[in-house]
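Quick notes on the structure that follows.
The values are calculated or read from the model by the stated rules, or taken from the named source; none is laboratory data. What you are looking at is a predicted structure, and each value in this text was computed from that prediction instead of being measured. Glycine gets a Cβ as well: all are built from the backbone with ideal geometry, and neighbour counts include every protein chain shown.
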Amino acid sequence: MSAVQAAVGREGKSRGSVLADLRNLWAIDERESSVRFAQSPLGKLVLVALFAAIAKGISAGFMVVLAAAACAYLPRYRSWVVVVASLGILVRHPYYGLEEIGTILAQEGLSDAMAPRLAIGALVLFFGCAWGAFALARRHRDLLFVRRPVVALLLLETAICMLACSPLVHGAARAALWAILSVLTAYTWFLAYGLADQRSRSRGPLSFQMGILHPLWGSTTAPFGKGAAFLRKHEAKTPEELAITQIKGLKLMGWAAVLWMLENALSWVCERQLHIPLTESAVSAFLRGDPYQIAVSWGSLIWATLHGAIALAVFGHQIVAIARLAGYRLPRNTWRPLESRTLAEFWNRYYYYFKELLVELFFLPTFLKVFRNHPRLRVFVATFMAAGVGNAIFHFIRDIKFVVSMGLQGALESFTSYLFYCSILAFAIGISQARMNAGRKLSTSFVGKLWSALCVWSVVVCIHIFGDESRSVALVDRLRFMFSLFGINV
């Protein structure tokens, strides 16, 4: 018996030593020789070349890598490098936030030739107004749009949307209003962070603030890197810190490439070999009266959820890696979501910068004002405002283009499925937090961790039916499809 135990012990140690060796091999940012080399002229050249080679393989832009390197190695001119790089990105992609401009022009019987002029005019107007708003906010901190930037921006966007949808505006005027609204909604949360930053006593140059309205490292409409204050806090201050940050960025870019290859391999296996349908196809087949087998439909949901998680990780890792090359020690956007043991932890790990936006702009303002004598109710209501109301507002604004194609009433009606998703998600996260605040202890055993992860991901997979953000299927049909997965025909 002792011999068997000894053999098992030796096997466990050998496995542990292999894992330890792999970790040591990967921990190049902790080796002094690597950090010193990254600070040398040759090391900087090698680092940027490796970044560019990996980025090209997974579709990140070569010029973006060079701009990030210039941002890191020319600290005296960082603000202007950020501005020039951002302008260069806009020149290459002048229709940012204006994908539906052709639809508007067609509706008004106007020529497509007006599109470039509308795009340029809307962008110039927006950045001019943003510069003026930031300058004014630095002088007058008691103004409404400085104290309550989210409220002010939402009121402004609502007013423009109502006017653009009214019968009072036609032709070129309506097209111009929609161009302005499309740009404003694309930059809403960047502008909200920027206005909040102006209240800081240690705020940076105004030029830098303008540059990160469209950061060179990229972003969704949820700002990766948040505002200028967050970037200043995470900026590498010394050559050694910069080298470590950049090496970590290179490692993250390499991990993004590995996940990208994994995503392609899984897509080939699941879609071409196993013929797992897309969730939209499974729902459509059910509505036609020719549903897939229940196991196939469950497979489509599981694969769609997993594919979405991997794709988000690849996309987010690229952005954070390039920001680290520029000298900012940004946290990952997606970090080991499979290890999540509660729903609240899942959303912190799954989409960090979106969660941070909801916390700072919806959770905290609510938490600081309501139910101060009822701590649990206070947390629950603030959570619902963030994960429910804030989540819904964010996505409706992001997809304002549907108001163009469907009209305001049609866009609101088609949004009911996502509203349902936000409500279920908010309640689930609120209950998860309440249980933890009540002192519930999570099991630390392997089986306990596995069970917690399965419970979390089961909820995530099920609510994916309502959160896929498509507008073509009504809520009642999605509910019927969900019941059918459990063998219940409604």
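In this structure, is Q273 in the same structural domain as L50 (by TED's automatic domain parsing) and over 15 Å from R324 (Cα atoms)?
Judged against the criteria, Q273 is not a match.
On the given criteria, is F286 in a helix (DSSP H, G or I), surrounded by 15 or more Cβ atoms within 10 Å (Cβ to Cβ) and touching a Ser or Thr at 6+ places or on another chain (Cβ under 7 Å)?
yes
Return the residues of the stretch 67-80 that are touching a residue at least 60 places away in the same chain (Cβ under 8 Å) and out of contact with any Ser or Thr (no Cβ under 8 Å at 6 or more places or on another chain); say none if nothing qualifies.
If the condition is that a residue be touching a residue at least 60 places away in the same chain (Cβ under 8 Å) and out of contact with any Ser or Thr (no Cβ under 8 Å at 6 or more places or on another chain), then A67, A68, A69, C71, A72, P75, R78 are the ones that fit.
Just checking, how many residues over the stretch 236-275 are over 23 Å from L312 (Cα atoms) and among the hydroxyl-bearing types (S, T, Y)?
Total meeting the criteria: 1.
Based on what the data block shows, is A52 crowded, with 17+ Cβ neighbours inside 10 Å, modelled with pLDDT of 70 or more and within 26 Å of G204 (Cβ to Cβ)?
So A52 does not fit the description; no.
Do we find that I302 is among the β-branched types (V, I, T) and crowded, with 19+ Cβ neighbours inside 10 Å in this structure?
Taking the combined requirement at face value, the residue does not satisfy it.
Do you know which residues across the stretch 363-405 are within 23 Å of the chain's Cα centre (by Cα), closer than 30 Å to Q107 by Cα and β-branched (V, I, T)?
Answer for the stretch 363-405, where residues must be within 23 Å of the chain's Cα centre (by Cα), closer than 30 Å to Q107 by Cα and β-branched (V, I, T): I393, I397, I400, V403.
Restricting to the stretch 272-283, give me the number of residues that are free of Cβ contacts under 8 Å to residues at least 24 places away in the same chain and in a helix (DSSP H, G or I).
Residues that pass the stated criteria total 3.
Quick one: which helices (runs of 4 or more DSSP H) sit completely within the stretch 344-436 and have at least 3 residues that are aliphatic (A, V, I, L, M)?
It comes to 375-383, 391-398, 401-414.
For the stretch 297-333, enumerate the residues that are more than 15 Å from the chain's Cα centre (by Cα), part of a helix (DSSP H, G or I) and farther than 21 Å from E263 by Cβ.
S297, R324, L325
Please verify whether the stretch 231-244 includes one or more residues that are farther than 30 Å from V46 by Cβ and either touching a Leu at 6+ places or on another chain (Cβ under 8 Å) or part of a loop (DSSP other than H, G, I, E, B) (or both).
No, every residue in the stretch 231-244 fails to be farther than 30 Å from V46 by Cβ and either touching a Leu at 6+ places or on another chain (Cβ under 8 Å) or part of a loop (DSSP other than H, G, I, E, B) (or both).
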